[in-house]
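J.: The following block contains the structure, expressed as structure tokens.
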Amino acid sequence: MSRGNAPEAKNARRRRLIESAKARGRQLEIALDRARVRAAQAIAPHDEETITAERERSRYVVKTYVHRQTGSRIRILDTEAEDGPRERLLPATDGHGEIMRYAVECLDHDSEPQYYATLKDATKGVRNSAKWCKGCRQTNVPEMRPKVNARNKQLAQHRL
Ligand SMILES: [Zn+2]
């Protein structure tokens, strides 16, 4: 390499260095973006359970059901909802001091409301109303799942 070419070569080297620095910067930006997206996904309440929980937070009457076997109307109340009426049911606590926020009551019979800590358990309570509501128990074909009922019917026919 002659001395005359030296500045040219120097410039070319400088340009390469600048280009590669820019490329590193872009890679770093991409990596940062990815990290931001991951962080956002980690804190965003995007699972269904969380969304449901948030939506139900402000509704006193969560849902009213009609029991498939008894025809009773049973509803779940969120005792901590902000829109509860003045004569609302208040949250109860279980034997260990855990707050049971959801009340389940039968609208057709004069039974005591039942309390549950989670919406899932409250839904189970609706299904099992014959266990805690005397009226539902009397109306009910024994408290069984449809499958079990069908099987028992079949067995009974065989016996005849
Ligand atoms: Zn009932």
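The values are calculated or read from the model by the stated rules, or taken from the named source; none is laboratory data. Remember, predicted model here, so these are calculated numbers, not experimental data. FYI the Cβ positions are ideal-geometry reconstructions off the backbone, even for glycines, and counts take in every protein chain you see.
J.: From the list 121, 83, which one is under 23 Å from residue 49 (Cβ atoms), at pLDDT 95 or above and surrounded by fewer than 16 Cβ atoms within 10 Å (Cβ to Cβ)?
T.: Values: 83 fails: at pLDDT 95 or above.
Step by step, each of 121, 83 is checked, and only 121 is under 23 Å from residue 49 (Cβ atoms), at pLDDT 95 or above and surrounded by fewer than 16 Cβ atoms within 10 Å (Cβ to Cβ).
J.: I need every pair where a residue in the range 112-131 that is without any contact (Cβ under 8 Å) to a residue 24 or more places away in the chain has its Cβ under 6 Å from the Cβ of a residue that is in a loop (DSSP other than H, G, I, E, B), sequence separation at least 6 or different chains.
T.: These pairs meet every condition: 117/98.
J.: Okay, next question. If we scan the range 57-64, do we find a residue that is under 21 Å from residue 137 (Cα atoms) and either part of a strand (DSSP E or B) or in the same structural domain as residue 139 (by TED's automatic domain parsing) (or both)?
T.: So the first thing to find is which residues in the range 57-64 are under 21 Å from residue 137 (Cα atoms), and the list is 64.
Keeping just the survivors that are either part of a strand (DSSP E or B) or in the same structural domain as residue 139 (by TED's automatic domain parsing) (or both) gives 64.
Looking for residues that are under 21 Å from residue 137 (Cα atoms) and either part of a strand (DSSP E or B) or in the same structural domain as residue 139 (by TED's automatic domain parsing) (or both), one finds at least one in the range 57-64, hence yes.
J.: Just name the residue that is farthest from the chain's Cα centre (by Cα) out of those in the range 87-111 that are free of Cβ contacts under 8 Å to residues at least 40 places away in the same chain and in a strand (DSSP E or B).
T.: So in the range 87-111, the residues free of Cβ contacts under 8 Å to residues at least 40 places away in the same chain come out as 87-101, 103-106, 108-111.
From what is left, the residues that are in a strand (DSSP E or B) are 92-93, 99-100, 103-106.
Working: 92: 22, 93: 22, 99: 18, 100: 17, 103: 18, 104: 18, 105: 22, 106: 24 Å.
Across the range 87-111, the extreme among qualifying residues is 106.
J.: Within 11 Å of the ligand (Cβ to nearest atom), part of a loop (DSSP other than H, G, I, E, B), more than 17 Å from the chain's Cα centre (by Cα) and not aliphatic (A, V, I, L, M): does that describe residue 84? Give the steps one after another, and end with the answer.
T.: Values: within 11 Å of the ligand (Cβ to nearest atom): no; part of a loop (DSSP other than H, G, I, E, B): yes; more than 17 Å from the chain's Cα centre (by Cα): yes; not aliphatic (A, V, I, L, M): yes.
So residue 84 does not fit the description; no.
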